[in-house]
Every structure is written in structure tokens, then in C-alpha cells.
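Down below is the structure, laid out as C-alpha cells.
The values are calculated or read from the model by the stated rules, or taken from the named source; none is laboratory data. This one's a predicted model, so the numbers in the text were calculated from it and none came from an experiment. A quick note on method: Cβ atoms are made from the backbone with ideal geometry, for glycine too, and the neighbour counts reach across all protein chains shown. Ligands, DNA and RNA are stripped out before the accessible areas are found, and what is left, the full protein with its side chains, is counted by its heavy atoms. Shrake-Rupley method; radii C 1.70, N 1.55, O 1.52, S 1.80 Å.
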Amino acid sequence: MALTTTPLLGLAALGRLPEQCRPLIRPGDVAAGIVHIGLGAFHRAHQAVYTEEAIAAAGGDWGIVGVAPRSASIIADLAAQDRLFSVTTMSGASAGTRVVGALAGLRHAAADPGAVVALLADPAVRVVTLTVTEKGYRLDPATGRLAVDAELLADLTTARPPATVPGLLVRGLLARYRADSGPLAVVSCDNLPSNGRRLHGLVDQARVLVPGATGAFGDWLRDSVTFPGTMVDRIVPASTPESLARAASALGARDLSGVHGEPYRHWVIEDRFPGGRPAWELAGAVLTGDAGPWERLKLRTLNGVHSAIAYLGAVAGRETIAAALEIPGMRAAMARFVAEDVAGSLRPPPGVSVVGYGDLVLDRFADPAIAHRTRQVAMDGTQKLPQRVLHTIVDRRAAGASPRWAALVVAAWMRYAQGVADDGRVLPLDDPLAGEIRERLAAAGPAPARVAEALFGLDAVFPAALAADDTVRALVVDWLTELDRHGVEATLAGAA
Ligand code: CS2
């Protein structure tokens, strides 16, 4: 069927969809109770699916109003489809597509920030969730403290419509306090360390900058607003023409907002919701008192290994994570990173083996149906490295160990940041600190020891004690020298 003649997904198309593809609820049948900020692919394939299943199982007015901070096209595309979108679950040769009806509304924050502030003050809204990526929080990656620049300061200190996520959130919370709209849970679903605590800290640091935000606002925040920590997990690569074509052929309808991901999904949530919440546990989520052990395990193992494969793979000219994992020696090196460095750096959740979890992660990454691009995972390295690798290094050094494999990951990031693959092709540096990285590298010249020296000087990323640790530096410089002289493939072949 030619794509252009295929009808667009929407309420009118629902009756014609194959039975197994139909949504569990219809947008509009359920009133809104959740505001979600960040309408990217991950939210659509993760929290939206859990929430739809929870509503289908137990009811409740927990429809999601999706807020796009920047992209207008996602709002236009979803609006054209009556807020319906599909999730295609891929594994090996098989795929299954299902339409999700959890979205009760849409807002474009950049075009109408006032509407988003008003929404956060709406008493019907009792949960706010966020997937705005690491950099959206505007926290210093090394310390987790709010990095206040002119734009954020203008959001907090003037009446202009807020342009940043912390600005929107704090202005919305202030409006909610003033309207006396009742308690709220604000839930980070991003891969930040102690994401609940960091988000709480962000709000506390930002609110004191708001003129006229009295101590009573602080008291209300303390008593009425919670920031539950979470661990979120599902591999959801960016959509491609092929993944959209696959969804269209399953649906018999075009879906401009379709997403695809692996079958595996996991959500661990601290159960602190003063205004109630959907019955997410009926959709398989784990509600707990402390998500920390799962969060650390996932960030240091899954995301740490993911970043490592992304940098090494991209430098070796591999397009996807699965293809990079096929480089001889890669899987063995990653398994040793997990067993020798990560496992000793954390206490896993009861009954979980770090090495076993690492093996499962590597199997998930190896699935060729999930064409996750190395360059996508390589993005925003400065925002990711601390929680994925540097915390492992700091903890292992405190225990007197020399974390050799974790040092390889740092060296791989440095090698990637130099911007040229082993075959001479240019690698993109997509990172909020790209300008500073480029300046430092240009001043340093190409010698590995100088490159390492220059990049360890990024104090927003490397804590001073770590940057001054001679053992860590020597390990990183050794790996960088190997990568520089022999390339990724020969380095891995000789390493594990
Ligand atoms: C990835 C994550 O892009 C990245 O940095 O490591 O998005 C990863 O796919 C998810 O955290 C998996 O849950």
C-alpha cells in the first residue's frame, strides 16, 4: 500500500484497525490528572504505555496532558491524529504494533507557556512527570547544583513567559500554591542520579531566586509537594522511515508520531503521591520506598555500558549499538567493566546479581531489530558521564581499586570528542559544552596526554579530586594512547 494513499491514524480510523492494534482507552474518555513535560519517543513508549494500561485496569482520571517544551511539530502531528500514536515492539524478526490512547491533551510550551503554568495550578492535575533529558534540568553535571544563567534568571525574576523547564516548573508551582490547588507529586523520569532528590534540589534552589516568593511558599512545597525518585528503562531509538513504514503496514494507517522499542520495560517508582496516582503496579511497575539501588544499578551498568559502546563503536565506524557489540573483544571488555568495576561500586537491589544484570543488558543491546544509532547514544556526553562512569570511578578509588575499564570509557569519550573516526570520517559533537570542548582541544593539540589534560579541566564534568587523581589520569592516558595509535578494533582485540 503506498504510504501517501494510506489514511492517517485518528479516531475515525480506529474502527478499521486490526483488533490487536486498538488502544485500551480513547483520548478524551478519561479526564486529565497528569501533566507530562517532554513528549519525546521515550515518554510515548514508556510512561504513556504504563499509564494507559493502569487506567484500563483500574480506572481513574489519569489522562496525560503532554507538554512539548520546544518542538511544535510533535504537537501538530499528534493533534492531527486526535492524540493517538502507536508503539511498535520489535524483537528479532517479529514486531507488534499497538495504538495508545493515554493523551488527554497537548500543549506547546514555547508557544504558550502561560497555559502550561495554568495547567500546573489546575486542581485536577495531581501528578507531573518529566522526560526532558539530562540537560533540560540545567544542573551542573558534576555537582547537581542548579546552573543559573541569564535565561533562567530572567524566567525566575521577571514576569516574562518562562522559556526553561526549571522556570516553567517553579512558576507553575508558585501559581499552584497561590491558587491553593492541593498537593502534587513531581516525578523525574530521566537518567539522572537520585533524580527525585536532584529535582527537589532544583526547585528549592530556583524558588529562592523568585522575588516575592515568600517563606510560606517554601513551607507549602515542603508539606504538599513530593519528588519521588524513579528508575526508568526501555530502549527506544529515534523513529526512522523504516520503523514508521512498519507501523503503517501493521495499522493500515499512517502514524506520524509512531515510536518503536524493545519488548523489555521496567519502571521503579518511589510511592509518594499525596494526590493519588494511577495503579501503575497493575501495568508491571514496581512501587517502592527507595528506588536508589535500582537507579544506581541501571545508570552505572546499562547506561555506562551503552555510552561505552556508543563512543567506541562510533569511533570504529559502526552505525548501531548492535553492530558495535559485534566488534571482537567488545562484549568481553564490557563484561569485565561490569564485573571488575561496576559491581564493586554499588549495592544492588536484594537478590539481583550485577553481573547477571549486565549480561541481560548486553543481550538486549545485541538485538539487531533495535537499530539504536551509536551517534544518538553518544550525544550530550558531558551531561551523562558523571552518573554513568565517574561515580563508579570515584567509589572504586575510595575503596583503593584501580578501575581500568571505567577509565577506558572516559578515554573512549575523549577520543570521540576529538571528532574524527578511525576511518577519518568526521564525528558530530552534539553536546551543550561542545564549544568549550573544541576550544580546549584546539589549544591542547593531538598528543593523548595533552588531550586528557585539557578535558579533565572541564570542571562542570570532572570533580577536582577526580581530575587530580594520578592513577585515574594514567589509566585514561594509557587507553587514549592505545586508541590513538592502534584504533578501537586493535585496542579491544588486545585488551580483554
Ligand atoms: C541511552 C538511553 O541515549 C542514551 O543515552 O543510554 O536512552 C537508554 O537507551 C535508556 O536509558 C534505556 O532505558
Mean-position separation - Cα centroids, segment 258-306 and segment 438-489, in angstrom: 34
Long-range amide H partners of F85 with built H, under 5 Å: V100
In Hz, Karplus ³J(HN,Hα) per residue of segment 312-324 (6.51, -1.76, 1.60; θ = phi - 60°; x = Gly, Pro): 5, x, 5, 5, 7, x, 8, 6, 10, 4, 4, 5, 5
Two-site label geometry, S73 and E453: point separation in nm, points 7 Å out along Cα→Cβ: 4.4
Cut-off 9 Å between beta-carbons: net charge of the residues surrounding A496, Lys and Arg +1, Asp and Glu -1: +2
Cα-based Rg / Dmax (Å) for segment 343-412: 14.0, 41
Positive dipole terminus of segment 130-244, leading residue within T158, T131, L199 (C-beta point charges): T158
Debye, to nearest 20: dipole size of segment 292-495, +1 on Lys, Arg Cβ, -1 on Asp, Glu Cβ: 280
Global geometry of segment 85-237, whether rounded, prolate or oblate, following the gyration tensor of its Cα atoms and the 1.5 cut on a/c: prolate
Options P23, Y264, A283, ranked by Cα towards positive dipole end of segment 3-288, top entry (Cβ charges): P23
Sparse-neighbourhood loop sites, GluC sites (Glu not before Pro) in segment 237-325 - DSSP loop, at most 14 other Cβ within 10 angstrom: E319
Derived scalar couplings ³J(HN,Hα) [segment 78-93; Karplus, 6.51 cos²θ - 1.76 cosθ + 1.60; whole Hz; x for Gly, Pro]: 5, 4, 5, 10, 6, 6, 8, 8, 10, 10, 9, 9, 10, 7, x, 8
Average accessible surface area per residue within segment 292-495, 1.4 Å rolling probe, Å²: 37
Charge tally in the Cβ shell below 14 Å around A58, where Lys, Arg are +1 and Asp, Glu are -1, A58 excluded: -3
Cut-off 16 Å, label 7 Å out along Cα→Cβ of D204, residues of segment 179-198 by amide N: 186, 194-198
Per principal axis, descending, Cα span of the chain in whole Å: 61, 61, 44
Segment 292-495: C-alpha gyration tensor shape, a/c 1.5 cut-off, then a/b vs b/c: oblate
Carbon plus sulfur fraction of accessible area for segment 382-496, probe 1.4 Å, in percent: 51
Inter-centroid distance (Cα atoms) of segment 53-108 relative to segment 309-337, Å: 33
Counted charge near D140, where neighbours are those whose Cβ lies closer than 13 Å (Asp, Glu -1; Lys, Arg +1): +1
Anisotropy class of segment 285-395 from Cα gyration tensor, a/c 1.5 cut: prolate
Sum of -39500 (n - 2.57) over DSSP H runs of 4+, divided by residues of the chain (222 nm, nearest 500): -12500 deg cm²/dmol
Debye intensity ratio I(q)/I(0), log10, segment 3-288, q values 0.07 Å⁻¹ (C-alpha model): -0.25
Distant-in-sequence amide H partners of L287 (H built 1.01 Å from N, under 5 Å): I269
Cα-derived Rg to Rh of segment 267-306, Kirkwood definition: 1.08
Dipole magnitude of segment 272-311, debye to nearest 20 (Cβ charges: Lys/Arg +1, Asp/Glu -1, about Cα centre): 80
Rounded to the nearest 20 debye, dipole of the chain from Cβ charges on Lys, Arg, Asp, Glu: 320
Cα centroid of segment 36-51 to Cα centroid of segment 339-366, whole Å: 26
Positive dipole terminus of segment 292-495, leading residue within A401, A434, V488 (C-beta point charges): A401
Karplus (6.51, -1.76, 1.60) ³J(HN,Hα), θ = phi - 60°, over segment 46-60, in Hz, Gly and Pro reported as x: 10, 4, 5, 5, 4, 5, 4, 5, 5, 5, 4, 7, 10, x, x
Rel. contact order, % - alpha carbon contacts under 8 angstrom, at least six apart, the chain: 15
